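First the structure, in the form of structure tokens, and then the observations on it.
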Amino acid sequence: MKRKNGKPGQELLEKVEQLIEEKPKQDAQAPESPTPEASPPEAEKPGRSPRRERALLTYISLLFGVSFVLVLLSFLLQQQDISELNQSASSALAKAEQLQDNNRELTQTNQDLQTQLADLQAQLESESAIAKEELETANRQIDSLEEELTQTQAQTEQQQEAYELLCSALLALSEERTEDFQRDMTALAALADMLDSQGKAVYQQLLAATAAES
């Protein structure tokens with residue numbers, strides 16, 4: 001900036017010097033006023049006049065002042081730009097740190113969820129295995145109960161048939177139907193174990209009656 005402002009200042013300084021130099025020349029070239037006696041020409045003073053030096057110093061001071069003000073303004077603008085850049089960098093850094101914190105929180109949350117999911121899967125597998133074992137046990141119990149029920153039904157049917165034969169044999173004996181009695185007693189022999197104590201006692205009495213008849 002000093003170099004850019006220095007060239008116009010130097011040109012203006014040269015112009016001021018030219019104007020100051022041209023003014024005495026113009027005064028020297030002006031026509032002399034008619035006087036009865038011509039005054040002798042004054043000898044030119046070597047060097048610069050004090051007025052000219054003061055003008056040059058004033059102009060130079062003004063240039064330096066303007067240059068200083070421009071440099072100061074440029075410096076202040078640069079400082080403002082630097083401050084804004086620092087604020088932007090600080091804001092970006094804060095956002096980056098916040099994003100990192102959020103990323104860490106999300107990562108931790110994801111890990112916790114995965115751990116919970118693994119625990120739930122393990123618990124579900126364990127409960128499923130237990131439920132499967134309980135179901136198999138229940139199925140075995142159902143099969144056993146069905147088998148017992150089938151056996152009970154068969155025993156009930158045999159017991160019912162045994163009592164029906166016992167009653168039929170008693171009726172045939174009372175009606176003296178010997179053939180029917182013999183047939184019922186023969187069929188009842190295979191089912192005698194299905195009778196209770198009283199039925200077995202009646203069955204033994206009928207066997208004794210059959211032996212007495214024979």
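For first residues located in region 92-110 and at pLDDT 90 or above, partners that are open to solvent by 100 Å² or more (accessible area, probe 1.4 Å) and lie 6+ apart or on another chain with Cβ distances below 8 Å do not occur. Just one residue in the set 115, 150 is part of a helix (DSSP H, G or I), open to solvent by less than 80 Å² (accessible area, probe 1.4 Å) and among the β-branched types (Val, Ile, Thr); that residue is 115. Of the residues making up region 164-197, those that are open to solvent by 70 Å² or more (accessible area, probe 1.4 Å) and in a helix (DSSP H, G or I) number 12. In region 139-167, the residues that are within 20 Å of residue 184 (Cα to Cα) form Cβ pairs under 9 Å with partners that are surrounded by 11 or more Cβ atoms within 10 Å (Cβ to Cβ) and among the β-branched types (Val, Ile, Thr), at six or more places apart or across chains, as follows: 166/202.
The values are calculated or read from the model by the stated rules, or taken from the named source; none is laboratory data. Because the structure is a prediction, the values reported are computed rather than measured. FYI the Cβ positions are ideal-geometry reconstructions off the backbone, even for glycines, and counts take in every protein chain you see. For the accessible areas, the whole protein counts, side chains as well, though only heavy atoms, and no ligand, DNA or RNA atoms are used. Shrake-Rupley method; radii C 1.70, N 1.55, O 1.52, S 1.80 Å.
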